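Presented below is the structure to which this report refers.
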Amino acid sequence: MTNEDHLMIQSSIYGELRPESHQLYHFVKGMVGFQAMRDFALLPYEDTPFYILHSIEEEISFILLPANQVEGYAFEIDAATAELLELIHPEDAITMLVVNMHEGEISVNLRAPVLLHPAAQKGCQYVIHDQQVPLRYLLNKGGDHPART
């Protein structure tokens, strides 16, 4: 990622994206199912609470929603993940949820949140193995289960 201040991503979905250097994140392990892609830009999706996480290397993107949009959603980050993200305090991580659309329903994945550490510009997708946490939380119906950990 050289010349980061002038990076331009041409997206067939979002058009021309010009992330600033502070919007670039390195994912040491990539995203689930896309482990080969490590570098992403995080940009606000205009006039919405959503964000675009777009690969710098490929034409792959994800829509993210800040986790604070799901009432009562909380979990603990393990020490290995905190170290991976260079977190001194786990609460310094920003938690985002991957948005999915299926048969006209909009949901977020509560079991695999995206964790970001802005100061280190590192991110990861954190898999929660607690089966009590619903995989799919419906946004347009307020969820099919209460969000809990």
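The values are calculated or read from the model by the stated rules, or taken from the named source; none is laboratory data. Note that the coordinates shown come from a computational prediction; the quantities given were computed from them, not determined experimentally. Neighbour counts are summed over all protein chains in view; Cβ atoms, including those assigned to glycine, are modelled from backbone coordinates with ideal geometry. The protein model used for the area step is the full one, side chains on, heavy atoms only, and it has no ligands, DNA or RNA in it. Shrake-Rupley method; radii C 1.70, N 1.55, O 1.52, S 1.80 Å.
Out of (1) more than 10 Å from the chain's Cα centre (by Cα); (2) within 18 Å of residue 51 (Cα to Cα); (3) modelled with pLDDT of 95 or more, what's the single condition that is false for residue 120?
Among (1) more than 10 Å from the chain's Cα centre (by Cα); (2) within 18 Å of residue 51 (Cα to Cα); (3) modelled with pLDDT of 95 or more, the lone unmet condition for residue 120 is (2).
Considering every residue within the range 46-53, establish whether at least one is among the acidic types (Asp, Glu) and within 13 Å of the chain's Cα centre (by Cα).
No, the range 46-53 contains no residue that is among the acidic types (Asp, Glu) and within 13 Å of the chain's Cα centre (by Cα).
Taking the range 53-72 as the region of interest, how many residues are closer than 12 Å to residue 114 by Cβ and either of a type in the set (A, V, I, L, M) or touching a His at 6+ places or on another chain (Cβ under 6 Å) (or both)?
Looking only at that region, the number is 5.
Any residue in the range 47-68 that is aromatic (Phe, Trp, Tyr) sitting within a Cβ distance under 6 Å of a residue that is at pLDDT 95 or above and open to solvent by less than 50 Å² (accessible area, probe 1.4 Å)? List the pairs, counting only those 6 or more apart or interchain.
50/63; 50/65; 51/42; 51/64; 62/53; 62/98
Considering the range 28-38 alone, what residues qualify as being assigned to a strand (DSSP E or B) and open to solvent by less than 20 Å² (accessible area, probe 1.4 Å)?
Within the range 28-38, 31 is the sole residue that qualifies.
Of the residues in the range 18-27, how many are in a loop (DSSP other than H, G, I, E, B) and either touching a Leu at 6+ places or on another chain (Cβ under 6 Å) or under 13 Å from residue 53 (Cβ atoms) (or both)?
Looking only at that region, the number is 1.
Of the residues in the range 18-27, how many are open to solvent by less than 70 Å² (accessible area, probe 1.4 Å) and among the basic types (Lys, Arg)?
Here the count works out to 0.
Say we look at the range 1-17 and pick out the residues that are in a loop (DSSP other than H, G, I, E, B) and over 19 Å from residue 121 (Cβ atoms); which of these is least open to solvent (accessible area, probe 1.4 Å)?
14
Take residue 125 and tell me if it is within 25 Å of residue 11 (Cβ to Cβ), under 15 Å from the mean Cα position of the chain (by Cα) and free of Cβ contacts under 8 Å to residues at least 24 places away in the same chain.
So residue 125 fails the test.
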